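To start, the structure itself, in structure tokens.
None of the figures in this text is laboratory data; all of them are computed from the coordinates on show. None of these values were measured; they are calculated from a predicted model. Backbone-built Cβ (ideal geometry, glycine too); neighbour counts: all protein chains shown.
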Amino acid sequence: MCRVFAAQDPEGYRQINRSIRIDGHSTSIQLEATFWALLDEIAESQNLTTPKFISKLYDEAIEINGEIPNFASMLRTTCALYLRGHRPDLDERMALKQEAA
């Protein structure tokens, strides 16, 4: 039953550090390769570079929540939401329709 998970390519869970400028400060974020690939895909779907997408996500999350206790975890759950079908454009359109109704 777990063979599909157990037999996955170890390259997918290899840790990768990327340096990104967020809120004017250079920071290093460590995520598994699979999450970086998903963040690249999400950013591309928004016509943004991955660093620009991450910076924008950070700014919006701070604006909404006031703080981010664990940003790397937030990035991972962003990927999970994306895989579950949550798409920024679609979700934002749906929210706007609900507000208009």
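Quick check on the chain: helices-only [θ] at 222 nm, where DSSP H runs of length 4 and up contribute -39,500 (n - 2.57) each and the sum goes over total residues. Nearest 500, please.
Calculated at 222 nm, the ellipticity per residue is -18000 deg cm²/dmol.
Name the residue, out of 88, 69, 51, whose mean-square fluctuation peaks in a Gaussian network model built on the chain with Cα pairs under 10 Å.
Maximum fluctuation in the GNM of the chain, among the listed residues, is at 69.
What full-extension length gain, to one decimal in nm, is calculated for residue 72 and residue 28 as 0.36 nm per residue of separation minus the Cα-Cα distance?
Separation in residues times 0.36 nm, less the Cα-Cα distance, equals 14.8 nm.
If the viscosity is 0.890 mPa s and the temperature 25 °C, what translational diffusion coefficient in µm²/s does Stokes-Einstein give for region 3-100 when Rh comes from Kirkwood over Cα pairs?
166 µm²/s
Scanning the chain for trypsin sites (Lys or Arg not before Pro) in DSSP loops with at most 16 other Cβ atoms within 10 Å, what's the longest stretch left with none?
That gives 15-83 as the longest site-free run.
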